[in-house]
Amino acid sequence: MGDGNDIITGNAAIGQSGGPTAVINQSLIGCVELIKHATGVKKILGMHHGVTGLFNQDFIEMQDIPQDRLDRIAETPSAALGSSRVKPDESYGERIFESLRDNDIRYFFYIGGNDSSDTCRIVNDYAKAQNYEMRCFHIPKTIDNDLKCNDHTPGYGSAAKFVACSFIGDNLDNRALPGIKINVLMGRHAGFLTAASVLARQNPEDGPHLIYVPEAVFDPDKFLTDVDRIYKEQGRCLIAVSEGIHDQEGEAMAVKLAEQQGHAVERDDHGNVQLSGSGALGDFLAQHIKLNLGKDLRVRADTFGYMQRCFAGCVSPTDRVEARAAGRKAAELALAGEREGSIAIQRPSDEPYTIEYNMVKLEDVAAKTRLLPEEFIEDDNNISDSFKKYVRPIVGPLPTVELLRVRGGAD
């Protein structure tokens, strides 16, 4: 903790960055409700669309918002202040520093994932280079669950619950009208979200029957063998696929399958291939199955895309509480005199499930990616029981189903 004598007087700025989540506003309000009563903090400036709002001096004052309204904002999905994916370059950083100084911002809080933590580090470095006294804290958020130093991140539990609930329903659909169904989920590099689909298995023959994550090499031929085996055994096959699956050489399957089938792939402004966002990967995999296992097979593909991030009906109770507490912890540390850092959620115990909120260095989190551990992956096409133990307390209770028949028939 700080020495207790470093409390400074000025304004606080807080922003949200990256993809919105179902609980990112909990972190926002957790921070705001603590600092609004703090001695030395005059105004709380919500940055409209992250550092873009700081750059443009576009703020929403939050210090006088009554608690009942703050509570309603906290319960509302998505980013109440608006979000941003801007990464400041040198000229942008200079303008940001001018805004910090002009608005007497002495406390800076930024809620987001990998890139957002790096933006927080950049802002902090600009302030330090100018000998500008400021407290700078990153508050974790990402449905990808891929922040270093964290056991898990706010936003993941609710997105994982949505994935699990969706697969529970889709498994029942696939059982009633048997066929081959592919669902493509977010996860360019980390497979935590796709792995959460394993929670849909409540009965021995429940899907997803196959789960593919980016941490395992994807072999198109083995994929066909896997699908053919499950389909012959059960007369159906439900599949979960991360958008970032790749071959032995690291080439994204979205690109490889498109090229094999003579299709162009969509790229964003940075040259990145649009994976699950375009729906192409699911279509290519479905076509790959039909071309090789039989054109008359009933094969369908869905891409979950953005719907995983802010679905209002699937908020994890654990996620809600932990997101709020992470925001409060950042404010607590800044007001106690700590100068900079990132809040990390760490788990000292599984049984009983307990977590701690600890401060780590910004550079230990910024622009780094944590991957799904190897022990959670089985045979390149399945997720282990140890992952279920890890993820269940984060997701919370799930719907249960009762079946009249276990085994469905083939078309």
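The values are calculated or read from the model by the stated rules, or taken from the named source; none is laboratory data. Remember, it's a predicted structure, so these values are computed and weren't measured experimentally. With ideal geometry, Cβ positions are generated from the backbone for all residues, glycine too; neighbour counts draw on all protein chains shown.
Is it the case that some residue within segment 370-383 is modelled with pLDDT of 95 or more, farther than 30 Å from Val227 by Cα and surrounded by fewer than 12 Cβ atoms within 10 Å (Cβ to Cβ)? Among the residues of segment 370-383, not one is modelled with pLDDT of 95 or more, farther than 30 Å from Val227 by Cα and surrounded by fewer than 12 Cβ atoms within 10 Å (Cβ to Cβ), which makes the answer no. Which residues, taken from segment 188-207, are without any contact (Cβ under 8 Å) to a residue 60 or more places away in the chain, under 21 Å from Gly305 (Cβ atoms) and not in a helix (DSSP H, G or I)? Across segment 188-207, the qualifying residue is only Gly207. Counting the residues of segment 345-399 that are among the polar types (S, T, N, Q) and over 30 Å from Asp221 (Cα atoms) gives 4.
The selection criterion, being outside the structural domain of Gly169 (by TED's automatic domain parsing), acidic (Asp, Glu) and under 20 Å from Ile44 (Cα atoms), holds for Glu332. Does at least one position in segment 280-301 carry a residue that is crowded, with 19+ Cβ neighbours inside 10 Å and part of a loop (DSSP other than H, G, I, E, B)? Within segment 280-301, none of the residues are crowded, with 19+ Cβ neighbours inside 10 Å and part of a loop (DSSP other than H, G, I, E, B). Consider Glu338 carefully, then state whether it is charged (D, E, K, R), surrounded by 18 or more Cβ atoms within 10 Å (Cβ to Cβ), assigned by TED's automatic domain parsing to the domain that holds Ser17 and over 23 Å from Thr194 (Cβ atoms). Here the answer is yes, as Glu338 does meet what is asked.
The set of residues from segment 329-353 being assigned to a strand (DSSP E or B), under 21 Å from the mean Cα position of the chain (by Cα) and more than 18 Å from Val123 (Cα to Cα) comprises Ala344, Ile345, Gln346, Arg347.
For segment 160-171, the count of residues that are surrounded by fewer than 24 Cβ atoms within 10 Å (Cβ to Cβ), touching a residue at least 60 places away in the same chain (Cβ under 8 Å), farther than 18 Å from Cys237 by Cβ and not aliphatic (A, V, I, L, M) is nonzero. None of Arg106, Arg72 is over 30 Å from Gly207 (Cβ atoms), touching a helix residue (DSSP H, G or I) at 6+ places or on another chain (Cβ under 9 Å) and of a type in the set (Lys, Arg) except Arg106. Considering only residues that are in a loop (DSSP other than H, G, I, E, B) and in contact with a Lys or Arg (Cβ under 9 Å, 6 or more places away or on another chain), look in segment 362-378 and name the one that is nearest to His209 (Cα to Cα). Among those that are in a loop (DSSP other than H, G, I, E, B) and in contact with a Lys or Arg (Cβ under 9 Å, 6 or more places away or on another chain), it is Arg370. How many residues are without any contact (Cβ under 8 Å) to a residue 40 or more places away in the chain and either part of a helix (DSSP H, G or I) or buried (at least 22 other Cβ atoms within 10 Å of the Cβ) (or both) when one looks only at segment 63-91? Here the count works out to 6. When residues in segment 185-201 are screened for being at pLDDT below 95 and surrounded by fewer than 23 Cβ atoms within 10 Å (Cβ to Cβ), 2 of them pass. In the set (1) assigned by TED's automatic domain parsing to the domain that holds Val299; (2) in a loop (DSSP other than H, G, I, E, B); (3) of a type in the set (Lys, Arg), Lys148 fails one condition alone, (1). Annotation: Lys161 fulfils all but one of (1) over 21 Å from Pro214 (Cα atoms); (2) at pLDDT 95 or above; the unmet one is (1).
Which condition breaks for Pro348 when tested against (1) in contact (Cβ under 8 Å) with a residue 12 or more places away in the chain; (2) surrounded by fewer than 19 Cβ atoms within 10 Å (Cβ to Cβ)? Status for Pro348: all satisfied but (1).
Among the residues of segment 246-258, just one is in contact with a Leu (Cβ under 8 Å, 6 or more places away or on another chain) and not in a helix (DSSP H, G or I), namely Ala252. Restricting to segment 379-393, give me the number of residues that are under 15 Å from Thr194 (Cα atoms) and either within 20 Å of the chain's Cα centre (by Cα) or part of a loop (DSSP other than H, G, I, E, B) (or both). Of the residues in segment 379-393, 9 are under 15 Å from Thr194 (Cα atoms) and either within 20 Å of the chain's Cα centre (by Cα) or part of a loop (DSSP other than H, G, I, E, B) (or both). All of Ser384, Ser349, Ser342 fail the test of being of a type in the set (S, T, N, Q) and within 18 Å of Ser27 (Cβ to Cβ), apart from Ser342. Take Glu98 and tell me if it is more than 26 Å from the chain's Cα centre (by Cα), more than 25 Å from Lys148 (Cβ to Cβ) and in contact (Cβ under 8 Å) with a residue 60 or more places away in the chain. So Glu98 fails the test. Of the numbered criteria (1) among the small types (Gly, Ala, Ser); (2) farther than 21 Å from Asn292 by Cα; (3) in contact with a strand residue (DSSP E or B) (Cβ under 7 Å, 6 or more places away or on another chain); (4) surrounded by fewer than 24 Cβ atoms within 10 Å (Cβ to Cβ), the one Gly179 fails is (2). Considering each residue of segment 319-326 in turn, none proves to be over 21 Å from Gly396 (Cβ atoms), at pLDDT 95 or above, of a type in the set (A, V, I, L, M, F, W, C) and outside any loop (DSSP other than H, G, I, E, B).
As a summary of the residue check, Asp125 satisfies the conditions (1) among the charged types (D, E, K, R); (2) assigned to a helix (DSSP H, G or I); (3) under 9 Å from the mean Cα position of the chain (by Cα) except for the one numbered (3).
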